[in-house]
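Here's the structure we're looking at; comments come further down.
Each value in this text was obtained by applying a stated rule to the coordinates, not by laboratory testing. Quick caveat, the model's predicted, so the values are computed rather than measured. Neighbour counts run over all protein chains shown; Cβ positions are idealised from the backbone, glycine included.
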Amino acid sequence: MNCMQVGRRLQRYLDGEVDDLTARRILRHLEDCRRCGLEVVAYTAIKASLARRDDVPSDVLVRLRQFAEQLLREGPPPEEDAAGGTAGT
């Protein structure tokens, strides 16, 4: 298997979603290819990072959604100048 073939199957391989023959062929390639091996390290780190993330509390999501809806209706608040007044006034 070459790098392109492995690259197309790598995510499925890491998720355990390839047949045994394909897994052995990918593993054989990974033993010899530093570049593809580094991709495995990157994919593994990303998956671990996503698994560790904390869930956002639902009340925070509600407030963010309300804020976004307000911005869509009213636009962003006016910018303040250094003296604390609104710009252009």
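Angle, helix 20-32 long axis vs. longest principal axis of the chain, Cα atoms, 0 to 90°, nearest 10?
Its long axis makes an angle of about 80 degrees.
Tell me, what is the FRET efficiency for ASP32 and ARG52 to the nearest 0.05, using R0 = 30 angstrom and their Cβ-Cβ distance as r?
In this case the efficiency is close to 0.45.
Output the peptides 35-45, 51-61 sorted from most to least packed, where packing is the average of other Cβ atoms within 10 Å over each peptide's residues.
Peptide ranking by packing, descending: 35-45, 51-61.
Roughly how tilted is helix 58-74, in degrees to the nearest 10 and between 0 and 90, from the longest Cα axis of the chain?
So the helix axis and the longest Cα principal axis differ by about 60 degrees.
Across all directions of projection, what mean area in square nanometres is found for the Cα convex hull of the chain?
Details: hull surface 45.9 nm².
If you wrap the Cα atoms of the chain in a convex hull and average its projections, you get 11.5 nm².
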